[in-house]
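The values are calculated or read from the model by the stated rules, or taken from the named source; none is laboratory data. Treat the numbers as computed from the prediction; the structure is a model and nothing was measured. Positions of Cβ are backbone-derived with ideal geometry, glycine not excepted, and every protein chain shown enters the neighbour counts.
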Amino acid sequence: MSWWEFWKARGEKADFVASFLELAKTSIPGIRAIDQLNFTVLDTETTGLNPAEDFILSFGAVKISQMTIQVSTAVEWYPVSPKNGKATAAIHGLLESKTPVQIADFVPNLLSYLGSSILVGHHLGFDLEMLLKTCKPFGLEDFPNPCIDTMNLAIRLEHGPNADRHQIKSEEYGLDSLCDRYGITKDDRHTAAGDAFLTAQLLLKLLVVAKKKGIKDFASLSKPW
Amino acid sequence: MANVIVNRVAEFLKRFPPFSFLSKEDLEKVSTAVEIRYLEKGEVLFRQGQDAQPHFFVLKEGSIQLTESQQESEQIREYCDEGDVFGVLALLGKRPYLLNAKVVENSLIYAIPVSVFEQMLEQNSRVALYFAAGFASGQMVIRQDLSQGQKARGLFRSESRDLSLLIFSDQSEIKISEKVLTCSGSQSIRTAAQKMTEAQVSSIVIVDEENRPIGIVTDKDLRSRVIVRSISTEVSVKEIMTPRVITRKKTAGFSDLYLTMIKNRLHHLILTEDGTDQTPVSGIISDHDILLSMGNSPAVLIHGLMNTLDVKEMKSIRDRAEQMLRYYLENEVAMDFVASVMTEINDVIIRQASRIAEASYSKDYPELAEVRYCFLSMGSEGREEQLLRTDQDNALVYEDVPEELIEKAAEYFLKIGTAIVEVLLSCGFASCPGKIMASNPEWVQPLSKWKTCFSHWILTPTQEALLKASIFFDFRPVTGSSGLAEELSMHIYEEIKSKEVFLNFLALNALMNPAPLGFFRDFVVEKSGEHRDQFDIKARAMMPLTDLARLLVLSHGVVGVNNTFKRFERLAELEPTNEALFIQAGKAYEILMRMRALEGLQHDNSGRYISPESLGKLQRQLLKNAFSPISELQEIVRIRFQLDYFRK
């Protein structure tokens, strides 16, 4: 039994998890303007699509604040994985992880990087599920951060909040199609950081569309629909 | 370790100067610090008068307009497109912005913190020079110092250039005359000289019965040994010949032959079958032949042209002149020198052509032999600016003849004009699509007819007349009696003085082409036809300058200065208040000429249409900066000639 499973068994939170959760307690006021919000746009590459069995191969992210992509905040991490994921490697072109990070380092780094920012991703749910699985042994039950899935945001902006999801072709809202539609040059597809960068550009463009539709503050942006 | 995102940013930046001059480490440092903004159409990135932001900007996609607010209106100063660097005041002087940056199309902008870049500016001279030369957009030092730009261009020039203009361009090109003029030693000096004259050569080899060389007589020998010493020309030639000739084998290497001549101070080297004087003569090399083989120096080419009436050889020499031109242009040789050299070469061709023409026709028209005529070059050759063999524009003027000769003269001079034009065509000069050539009877006229014609244009300045005036008024006498041309110039000057309103029409015409603001999508490029999406450098940048220079020079009553940049030089002297502007305009014209010629040489065409995409970022900037004096000059002309009150 390794040391983190020991924690898991006791259900105790690591210190850094506790301080991460503490940060999130201060909620963002609904009237805060969009250009005052801090976003972390992220993506993961995994060994497969089953959160129960698969592991994260790489994590890439970049932050947006003041409606500006801060390239200096870009990260690309390769957590050590128990499974080498030959099948995914074929798609992602990821063979050996570049500079592997031990899980014990990856998780605290991740949480301090995310902080209380709004998490953004394309199909964000899956990425968060994978990340949560990695963090659980350290006592994290869930991510307390507000979340935005760029796919949902795009559908909302293009079809209105009351759109019938069954009428919408999901392939039109894949990252590839959206990049084409919003004029974003697709480079580095299928690397975590590359996709995160594309998603960040997509978010910038979507937020401008949102503004035109009257979505100008945090409350209207995070309104469930 | 740089990650994918930083690399992506770096890859974009590195395509454009000044980032292309950064080392890998510096580029990474800059890329890491980039902030990416997305602005919507209609937004304003910065406003005139605002304090500089701590960033300068690179346009990633979309488009930005730089405008200047004036009292009531807003003037567009520049369009930025992909890769353009702007808002650099923050970087340079930390002064408030001089322009507004408006988003015309949704734009993705890379903002680069000044603090990160400042250090590189100090350490990297190429980066510093890039900014000093005013290549960044909207830097708006109203009148950029174009000489900095030229200097910068030299520095940024691609390293790969052929260092031709070697001393011996091509050894195999050395011409050895195999037909050697010979005579026996017992023949008279007079006979020998006669033979030389007939063969148009400067030497004769004296041989024995078996054609073995025993001596040589040259032009110089005839002067120094015969005339000076008053020897009778009936004396046998062996008395005055240079005996004991030095000989070489024909197959000897070029350097051996050349060194032999240099060491022995020979103007002529006799070649024999086995290289000794004991075998028959098989050839001769003169220092003229050596000179011709010595690469493409102007003196050599001109010398070569003056010594031939063979059209094929003239063409080959003109072709070689083009190689020399390319070398000059790529090495930033001063444009006035380049232009004068090329003009001289073109002029020599025309003079030789007129000799050919006269030789073929003068015998048939003995009564016209004394009638003076003058061949006029017009357009760019008239302005001494024709670097490439683009359209020839020329005409012919001849003295008025008595009534009974009028018809004959028209016939004769048309033949002369046509023959000259044909030689030029054979030498590779393109034909004028408008038929403004001395082979067109309309443009081969006696002086009085020319005067009537010019007066007519000046008195009734129709669109067509103005167009013709813009071509014909740049005439320059090339061969024949230049007095006729001077008389014509004076006539124009007198006519304009008596009808100054003509200048207003000319001014209106000069403003027909607005100054291009910058390369922006199809903003300035041709919108239709064969040259769609290309930039017409002649019509849009060079012609406005030529027209403005001609107009202003004529308004000062200056005649005889044809060259556009010399006209600007003269204008700078005449109007000290506008000196700087005129100097810049002249420089701009030189840059445009150079660019057009290089483009033409590269694509083997007139160089007139340039694809903005094919130019490097730097050349585009240089070109853009060269546009800047145009609009300022046009403004001066608009006011000076009161064009707002003057409409047709």
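Okay, here's what the table says:
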quantity: Residue in region B:317-331 that is among the β-branched types (Val, Ile, Thr) and surrounded by fewer than 16 Cβ atoms within 10 Å (Cβ to Cβ) present; calculated: no
quantity: Sole exception among (1) over 24 Å from residue B:55 (Cα atoms); (2) more than 7 Å from chain B (Cβ to nearest Cβ) for residue A:76, by number; calculated: (2)
quantity: Count of residues meeting criterion [without any contact (Cβ under 8 Å) to a residue 12 or more places away in the chain and within 22 Å of the chain's Cα centre (by Cα)] in region B:296-312; calculated: 2
quantity: Lone qualifier among B:645, B:589 - being assigned to a helix (DSSP H, G or I) and either at pLDDT below 80 or within 27 Å of residue B:477 (Cα to Cα) (or both); calculated: B:589
quantity: Positions within region B:8-38 being more than 27 Å from residue B:103 (Cβ to Cβ), free of Cβ contacts under 8 Å to residues at least 40 places away in the same chain and more than 41 Å from the chain's Cα centre (by Cα), in sequence order; calculated: B:25, B:28
quantity: In region B:36-66, residue surrounded by the fewest Cβ atoms within 10 Å (Cβ to Cβ) [restricted to those that are of a type in the set (S, T, N, Q) and closer than 19 Å to residue B:78 by Cα]; calculated: B:50
quantity: Meets criteria (within 14 Å of another protein chain (Cβ to nearest Cβ), in contact (Cβ under 8 Å) with a residue 60 or more places away in the chain and either under 15 Å from the mean Cα position of the chain (by Cα) or in a loop (DSSP other than H, G, I, E, B) (or both)) for residue A:42; calculated: yes
quantity: Residue tally, condition among the hydroxyl-bearing types (Ser, Thr, Tyr) and either surrounded by fewer than 19 Cβ atoms within 10 Å (Cβ to Cβ) or not assigned by TED's automatic domain parsing to the domain that holds residue B:635 (or both), over region B:556-585; calculated: 1
quantity: Candidate set: region B:36-64, residues that are more than 10 Å from every other protein chain (Cβ to nearest Cβ) and β-branched (Val, Ile, Thr); chosen: the one nearest to residue B:96 (Cα to Cα); calculated: B:44
quantity: Verdict on residue B:103 being within 14 Å of chain A (Cβ to nearest Cβ), of a type in the set (A, V, I, L, M) and out of contact with any strand residue (DSSP E or B) (no Cβ under 9 Å at 6 or more places or on another chain); calculated: no
quantity: Test: residue in region A:190-201 that is closer than 15 Å to residue A:152 by Cβ and in contact (Cβ under 8 Å) with a residue 60 or more places away in the chain; calculated: yes
quantity: Helices (runs of 4 or more DSSP H) fully within region B:423-508 counting 1 or more residues that are in contact with a strand residue (DSSP E or B) (Cβ under 7 Å, 6 or more places away or on another chain) and modelled with pLDDT of 90 or more; calculated: B:447-459, B:482-498
quantity: Lone qualifier among A:199, A:185 - being within 14 Å of chain B (Cβ to nearest Cβ), outside any helix (DSSP H, G or I) and of a type in the set (Ser, Thr, Tyr); calculated: A:185
quantity: Residue within region A:204-216 that is within 14 Å of another protein chain (Cβ to nearest Cβ), over 18 Å from residue A:65 (Cα atoms) and in a helix (DSSP H, G or I) present; calculated: yes
quantity: Conditions (1) under 43 Å from the mean Cα position of the chain (by Cα); (2) surrounded by 14 or more Cβ atoms within 10 Å (Cβ to Cβ): number failed by residue B:265; calculated: (2)
quantity: Filter result for residue B:31 (facing chain A (nearest Cβ under 9 Å), under 20 Å from residue A:68 (Cβ atoms) and either buried (at least 21 other Cβ atoms within 10 Å of the Cβ) or of a type outside the set (D, E, K, R) (or both)); calculated: yes
quantity: Of all residues making up region A:101-115, the number that are within 14 Å of the chain's Cα centre (by Cα) and of a type outside the set (A, V, I, L, M, F, W, C); calculated: 2
quantity: Candidate set from region B:376-398 (those that are in contact (Cβ under 8 Å) with a residue 60 or more places away in the chain, in contact with a Phe, Trp or Tyr (Cβ under 7 Å, 6 or more places away or on another chain) and assigned to a loop (DSSP other than H, G, I, E, B)); member that is farthest from residue B:324 (Cα to Cα); calculated: B:378
quantity: Residue count for region A:160-173, restricted to those that are farther than 20 Å from residue A:210 by Cβ and small (Gly, Ala, Ser); calculated: 1
quantity: Count of region B:172-224 residues which are aliphatic (A, V, I, L, M), within 20 Å of residue B:272 (Cα to Cα) and modelled with pLDDT under 90; calculated: 4
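Every residue, every condition in (1) modelled with pLDDT of 90 or more; (2) touching a Gly at 6+ places or on another chain (Cβ under 6 Å); (3) surrounded by fewer than 20 Cβ atoms within 10 Å (Cβ to Cβ), yes or no:
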{"site": "A:160", "(1), (2), (3)": "no, no, yes"}
{"site": "A:170", "(1), (2), (3)": "no, no, yes"}
{"site": "A:191", "(1), (2), (3)": "no, no, no"}
{"site": "A:201", "(1), (2), (3)": "yes, no, no"}
{"site": "A:209", "(1), (2), (3)": "yes, no, yes"}
{"site": "A:212", "(1), (2), (3)": "no, no, yes"}
{"site": "A:218", "(1), (2), (3)": "yes, yes, no"}
{"site": "A:222", "(1), (2), (3)": "no, no, yes"}
